[in-house]
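Okay, so here's the structure we're looking at.
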Amino acid sequence: MTAPFVRRRIAPRMHPGSPEAVLAAISQSTNELTQGWMRLMSTAPIDSEWFRTSASLQKEFVEKQGRLWSALAAGREETVAAPSPGDRRFAHVAWSANPYYNYLKQSYLLASSYLAQALEDAALEPRAKERARFALRQWIDAMCPANFPATNPQALDQALESNGESLTRGLAQLIADAQRGRISQCDETAFEVGRNLAVTPGAVVFENELIQLIQYAPSTAEVAKRPLVVIPPCINKYYVLDLQPENSFVAHAVASGNTVFMVSWRNVTPAQGHYTWDDYLEQGVFTALRVAREIAASDKVNALGFCVGGTLLGAALAVLAEKSEGEVASATFLATMLDFADTGQIGLFVDEAMVAAREATIGRDGILSGSELAFVFSSIRANDLVWPYVVNNYLLGETPAAFDILHWNADGTNLPGPMYCYYLRNTYLANRLREPGALTNCGVPVDLSKVTVPVFVLATREDHIVPWPSAYRSLGLLGSEDKTFVLGASGHIAGVINPASKNRRSYWSASSHPENAEDWLSSAEEHKGSWWPAWSEWLARHAGGLRPAPSTPGNVRYKPIEAAPGRYVKERIH
């Protein structure tokens, strides 16, 4: 994609770093930016007359572009546009010190601002505008001059200083990533599951075709009578909750005196392509709860669900409530949606046509590739998860840094088509989980208001997957009287994986829970550091007492199968 684009932007026989080449790129960039937007708007199902008649906006744009050209020709400085705070794309000194690159930067930012404002002025209904805003942002991010070797001063400098070796390395990494089918975001040779990730001691004590269940070894003399059963998201590997020892949520829960059981979802193959949502409940959630309770010889278990795992847990608790089976003492929901009225940018991908197409292809059998899901999640934050790695890996020829969360992020999982299509239609598209009786799971109607166990709900303030007000609305759906809501700083992963030992970030809590999320926030108190200790204190209230820590995993019926982390989590899709 890059090479043909660059050939269009640089006139023949020009040196890539010459002023003439940069000026040619400037003109071509601005033209492509505006022409591409016109093509986008011409295909949109809206009246584009507003764009052609917005004379004031166009006049301002042309006037500022003229000022930039005049300043460049006169050799003086002129500032009409500046990067947003935290925008690292233009950090290299040449973007400010070199007049040509400074112009290119400002011209791009000015055109981007112009197109964004034109969209904001458009008379579109909210969802159509949000979708257009997302599409425009993707395209504007892709068109940044820092993304192309001919208009990235750092890439040109590095190529000259290394006698072209940086470009050679970059090309090799581009070819390797093309073979993988994804952009490398970290040095994947630095980590290995079972060697320096997912190393909390434990054993697999149960497995079926869909899950392995891990029981972790205790690290305290006494443990809670009621074990903790963790239901991680099935669209990712569980070990985001058990990364390295210093940031392992599992290790923290074990050190807090819990017998922890972890569901390790199967990275499904076509052989499991017929599995449904009910299968994930029956063979996954319910089986894990039952086996853990039997091994611990406990009256009840405490349950925790993260992201989609939390959605599965919510449905499971409603089924148990309908059947009057009270085997769960408390429930923790981490970054979970039960009400899908506001799904953030992910919801922009989901409409009737998209869901119907998926149902027609994989709705009865088949799998959704984990690489597709990874692409969607990366696209939502392209300036964080796509373009920095294009520049670093291919233009600069650098090796990505070693980062455990990004290693996990690249280790995706497949999903069975029937389960995935059911999830899409009944949550993101129709939002039926919140409606009492609208869904039937495992033969009974689902009514979240019948879930009366104590609940701890964590959301994160900058979550782009689960907007925190959406997570807050879970409190109004669940019938529990004992409810705790905590808002963590940062995003979907970093806000959850916030080790207490590092004393970083903040969290907010309040004793009352008004209907409106913003009203709750206005009364909430900020606490410095991790939310993990506060959750551990809450969970201890539902421990059911203490007992001596078990000396061996499993029991007579459920014998250890293999050491943690087990086989299932090591199965990769590429």
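The values are calculated or read from the model by the stated rules, or taken from the named source; none is laboratory data. Everything numeric in this text was worked out from a predicted model, so none of it was measured. FYI the Cβ positions are ideal-geometry reconstructions off the backbone, even for glycines, and counts take in every protein chain you see. Note: accessible area is taken over every heavy atom of the protein model, side chains too, but ligands, DNA and RNA are not part of it. Shrake-Rupley method; radii C 1.70, N 1.55, O 1.52, S 1.80 Å.
Report the calculated FRET efficiency for residue 87 and residue 130 (r = Cβ-Cβ distance, R0 = 22 Å), to the nearest 0.05.
The calculated FRET efficiency here is 0.50.
Pulled fully out, how much extra length does the chain show between residue 444 and residue 384, if you take 0.36 nm times their separation in residues and subtract their Cα-Cα distance?
The residue 444-residue 384 span can extend by a further 17.3 nm.
Report the calculated FRET efficiency for residue 324 and residue 482 (r = Cβ-Cβ distance, R0 = 22 Å), to the nearest 0.05.
So, using R0 = 22 Å, E works out to roughly 0.70.
To test your reading of the geometry: what angle, between 0 and 90 degrees and rounded to tens, separates the Cα axis of helix 287-296 from the longest principal axis of the chain?
So the inclination is approximately 50 degrees.
Could you tell me whether region 73-197 comes out rounded, prolate or oblate from its Cα gyration tensor? Rule is a ≥ b ≥ c as square roots of the eigenvalues, rounded for a/c under 1.5, then prolate if a/b exceeds b/c, otherwise oblate.
oblate
Work out from phi, with θ = phi - 60° and the Karplus expression 6.51 cos²θ - 1.76 cosθ + 1.60, the ³J(HN,Hα) of each residue of region 180-195, listed in order in whole Hz, and give x for Gly and Pro.
6, x, 7, 8, 5, 10, 7, 6, 6, 6, 7, 10, 8, 5, x, 9
Per residue and in cubic angstrom, what volume does the convex hull of the Cα atoms of region 314-431 have?
155
Does region 413-494 classify as rounded, prolate or oblate by the C-alpha gyration tensor (a ≥ b ≥ c root eigenvalues; a/c under 1.5 gives rounded; else a/b over b/c gives prolate, otherwise oblate)?
oblate
Along the charge dipole of the chain, which of 191, 162, 457 sits closest to the positive end, that is, farthest toward it, with unit charges on the beta carbon of Lys, Arg, Asp and Glu (+1, +1, -1, -1)?
Among 191, 162, 457, the one farthest towards the positive end of the dipole of the chain is 162.
Counting only protein heavy atoms, what percent of the accessible surface of the chain is carbon or sulfur at a 1.4 Å probe?
Roughly 53 percent, rounded to a whole number.
Among DSSP beta bridges whose residues both lie in the chain, state the antiparallel percentage, nearest 5.
The antiparallel proportion sits near 55 percent.
Residue 120: net charge of surrounding residues, Cβ under 9 Å, Lys/Arg +1, Asp/Glu -1, itself excluded?
Charge balance in the 9 Å sphere: +1.
Please state the charge dipole magnitude for the chain, taken about the Cα centre, from unit charges on C-beta atoms (+1 on K and R, -1 on D and E), reported in debye and rounded to the nearest 20.
Dipole size: approximately 620 debye.
Using Cα pairs closer than 8 Å and at least 6 residues apart in sequence, work out the relative contact order for the chain, in percent.
18
Which whole-number value in Å³ per residue fits the convex hull of the alpha carbons of region 124-251?
230
Quick query: amide H of residue 451 versus all other amide H atoms, modeled in the peptide plane; which residues come in under 5 Å with a sequence gap of 5 or more or a different chain?
479
Pop the C-beta distance of residue 190 and residue 506 into the FRET formula with R0 = 41 Å and round what comes out to the nearest 0.05.
My answer for the efficiency is 0.85.
Placing +1 on the Cβ of each Lys and Arg and -1 on the Cβ of each Asp and Glu in region 367-506, which of 369, 472, 417 has its Cα farthest towards the positive end of the resulting dipole?
After comparing all options, I get 472.
Could you state the accessible area per residue of the chain in Å², with a 1.4 Å probe and every protein chain left in place?
Here the per-residue accessible area is 42 Å².
Mind listing P(r) for region 165-205? All alpha-carbon pairs, 10 Å bins, whole percents.
Result returned by the calculation: 23, 34, 23, 15, 5, 0.
Assuming a ≥ b ≥ c are the square roots of the Cα gyration tensor eigenvalues, decide whether region 57-132 counts as rounded (a/c under 1.5), prolate (otherwise, with a/b larger than b/c) or oblate.
oblate
What number, in nm² with one decimal, is the all-direction average of the projected area of the convex hull of the alpha-carbon atoms of the chain?
Computing the convex hull of the Cα atoms and averaging its projections yields 28.2 nm².
Residues of region 359-395 with backbone nitrogen within less than 18 Å of a virtual label 7 Å along the Cα-to-Cβ line of residue 572, please, listed as ranges.
369-375
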